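The structure appears right after this line, and notes come after that.
Each value in this text was obtained by applying a stated rule to the coordinates, not by laboratory testing. These numbers were taken from a predicted model, which means no experiment stands behind them. Ideal geometry is used to build each Cβ from the backbone, glycine not excepted, and the neighbour counts take in all protein chains shown.
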Amino acid sequence: MEAGPRDTAPGTEHVTTEPGEAEQDGDRLSPDGPDEAPGGVTDDGPGPDELYPDGGEVEVELRPQRRLRIWQLAPIVGLAAVGSLMFAFPLAFDFGDSGAVIAMLGLLICSCSAGWGMMAARRVGYTWPGLPQRGSGRRPDWRVVLAYVLVVAAVVVLAVWRVARLR
């Protein structure tokens, strides 16, 4: 078979492969493709029901997950370790009159590192068990807050009482 030149000029008669038959207007294509697809979509890919069988869309979080990094945790853990050692050694060994001062300073450093750790954790979105998430608009339950206050107060009273017995 031999290929002939294309006739794309408007108004010319289109010839089919069978001699004597002309194409019908409904089957004819425009020079740049089909005139319109039924429903605006062609059948060359999966439909919306096939993409999401359960009917819901998939959401992907683009922001990185907020976590405590090692550079945030290292100074907190270091201060907590130094503070707890400063608090524990004067209690375990006899250091004379300076033992109470070193123990209280260790307790202070350990408490500061605990507070620093809590603030860093709160900043990335962590909360204490029983307390609402930051920015949720809910109020904390007063019984949970009271329980936390009592536990912290008991630890502080026992620590101060133990250090006071060193003198």
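Observations on the model:
- For the stretch 70-164, the relative contact order works out to 27 percent when only alpha carbon pairs closer than 8 Å and six or more residues apart are counted.
- Computed P(r) (all Cα pairs; the stretch 70-164; 10 Å bins; percent): 15, 35, 30, 16, 3, 0
- Rounded to the nearest 20 debye, the dipole size of the stretch 70-164 about its Cα centre is 620 debye, using +1 on the Cβ of Lys and Arg and -1 on the Cβ of Asp and Glu.
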